[in-house]
1. Going by the conditions given, is Ala129 of a type outside the set (D, E, K, R) and at pLDDT 90 or above?
2. From the set of residues in segment 98-115 that are of a type outside the set (A, V, I, L, M) and more than 25 Å from the chain's Cα centre (by Cα), which is least open to solvent (accessible area, probe 1.4 Å)?
3. Name the residues in segment 118-133 that are in contact (Cβ under 8 Å) with a residue 24 or more places away in the chain and assigned to a loop (DSSP other than H, G, I, E, B), would you?
4. Could you tell me which numbered condition Ala73 fails, if it satisfies all but one of (1) of a type outside the set (S, T, N, Q); (2) modelled with pLDDT under 80; (3) within 27 Å of Ala129 (Cα to Cα)?
5. In this structure, does Asp94 turn out to be acidic (Asp, Glu) and open to solvent by 60 Å² or more (accessible area, probe 1.4 Å)?
6. How many residues are surrounded by 12 or more Cβ atoms within 10 Å (Cβ to Cβ) and either out of contact with any strand residue (DSSP E or B) (no Cβ under 6 Å at 6 or more places or on another chain) or in a helix (DSSP H, G or I) (or both) when one looks only at segment 134-149?
Amino acid sequence: MTTDDFVFRTLIANHPDPATASRALAMAEAAVLRRAADALNALPQDFECDPGWGDAAERLRRTADGIEEKASASAPTATPREAARERRLEQTLDTIRTHGGKWTSSTLQTVRRATGAPAQRGTARRDLAELARRGHLAQHGAGDGRYYTLRRRKDGA
């Protein structure tokens, strides 16, 4: 993965609406490809290289069309992974609301194993952190001592 890929993936992951950010990035990528195709077509004609340029420009345009088509597809077909993540986050939040108490990635893994769900440590960590980022959980401690509790409304309800 290049540095640019890492930066873009990080920006998308930290965006309030990752699906929208991902589509915007895809549309920007398609626009860059179209500009590159236009730049190739604007080059002076060279009879030795001209057939290759025309083919390259057409390939860039087809790639841009494919990217735009994928980005503009409906959300369920375009991002099944995101839909599965949202379901998993909703189930996790429901479990935490039901049982209350302190939650660590280890605790969440144990619950997921008991229900037969995949229980990777990194996924549990990211899910708890995401629920805290969205305001559902309060994070306490740092590093190995980090745990999460259900955030209560300020009015005590």
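The values are calculated or read from the model by the stated rules, or taken from the named source; none is laboratory data. Just so it is clear, the structure is predicted and the values come from calculations on it, not from any experiment. Cβ coordinates were reconstructed from backbone atoms using ideal geometry, including for glycine residues, and neighbour counts include every protein chain displayed. Remember, those area values only see protein heavy atoms, side chains included, never the ligands or the DNA or RNA. Shrake-Rupley method; radii C 1.70, N 1.55, O 1.52, S 1.80 Å.
1. On the way: of a type outside the set (D, E, K, R): yes; at pLDDT 90 or above: yes.
Here the answer is yes, as Ala129 does meet what is asked.
2. Looking at the filtered set, the residue picked out is Gly100.
3. Answer for segment 118-133, where residues must be in contact (Cβ under 8 Å) with a residue 24 or more places away in the chain and assigned to a loop (DSSP other than H, G, I, E, B): there is none.
4. Ala73 satisfies all of (1) of a type outside the set (S, T, N, Q); (2) modelled with pLDDT under 80; (3) within 27 Å of Ala129 (Cα to Cα) except (3).
5. Yes; evaluated as a whole, the condition is true for this residue.
6. Looking only at that region, the number is 3.
One line per residue, one yes/no per condition, for (1) farther than 14 Å from Ser22 by Cα; (2) modelled with pLDDT under 80; (3) under 16 Å from the mean Cα position of the chain (by Cα):
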residue: Ala56; (1), (2), (3): yes, yes, no
residue: Pro80; (1), (2), (3): no, yes, yes
residue: Arg88; (1), (2), (3): yes, no, yes
residue: Gln91; (1), (2), (3): yes, no, no
